[in-house]
Each structure stands twice: as structure tokens, then as C-alpha cells.
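So the structure is just underneath, and the comments pick up after that.
Just so it is clear, none of the values below were taken in a lab; they were calculated from the coordinates. What you see is a predicted model; the values in this text were computed from it and never measured. Neighbour counts run over all protein chains shown; Cβ positions are idealised from the backbone, glycine included.
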Amino acid sequence: MLSEQGIPASEIKLAKILMDKPAPHTTAQSWSIYDQKTNTLLFGKMERERRECASLTKIMTAYTVFKLIERWKVEETTLVTVTSDAAGVIGTSADLLEGDTLQI
């Protein structure tokens with residue numbers, strides 16, 4: 001479905017979401033977030049550049065989070081709070097600080 005300006009409704013919906021919650025900050029040189037259900041790229045930075053695969057630790061962390069969300073039927077609106085242990089992890093980060101909250 002297209003708007004009067006010829007913009008797909010899905011893009012308008014995404015734009016509204018981004019106004020409320022912008023794409024996450026990250027120090028990665030390139031990244032992407034892909035919605036497998038709708039087969040669309042939601043966010044990205046240099047997402048079309050050919051690069052080596054991200055670390056297996058990051059991939060497995062994402063995989064584990066998705067499995068836990070599915071297993072415990074966690075709602076998308078659930079907020080999680082960054083602990084001091086999580087904020088203190090050394091390495092690539094999203095500059096998270098203790099007490100920051102993120103929506104799943």
C-alpha cells in the first residue's frame with residue numbers, strides 16, 4: 001500500500017518508529033539489522049560493504065537472546081537494565097553505562 005506521496009506504508013511505519021527510537025549507536029564499522037519475517041533491512045551502516053564475518057561471540061549472543069525471548073515469550077516492549085558487570089565488559093561496545101535501559 002502506498003501513501004499519497006507514493007511511499008510504501010512499511011517505510012512510513014519504519015520512519016515513525018525511528019523518530020521514537022533511533023537506530024542503535026555502535027562502534028562497529030559496519031552492521032545491519034534484518035527482519036527475517038518481512039524480509040527487509042531495518043537498519044544498517046555500510047551494510048552492503050563486503051567484510052569478514054562478525055565474531056562468533058556476538059553472533060552466538062544474538063542467537064541466545066532470540067532463543068531466550070522465544071522460550072520465555074518475552075514481549076518486544078520489555079525493558080532491560082544494563083548491570084555494572086555488563087557495562088564493565090571490555091571490548092567492542094555500544095557505549096552502554098550501568099543503569100541504561102534498552103528495549104528488547
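Which of rounded, prolate or oblate describes the range 52-104 when judged by the alpha-carbon gyration tensor and an a/c cut-off of 1.5? Working shown, then result.
Details: a/c = 2.32, a/b = 1.08, b/c = 2.14.
The shape class here is oblate.
Helix 56-72 and the longest principal axis of the Cα set of the chain meet at an angle near 70°. Taking every C-alpha pair closer than 8 Å and separated by at least 6 residues, the mean separation divided by the residue count of the chain gives a relative contact order of 21 percent. Remark on the chain: Rg and Dmax equal 16.0, 50 Å (Cα only). Under the convention that each Lys and Arg Cβ holds +1 and each Asp and Glu Cβ holds -1, the size of the dipole of the range 52-104 around its Cα centre is about 280 debye.
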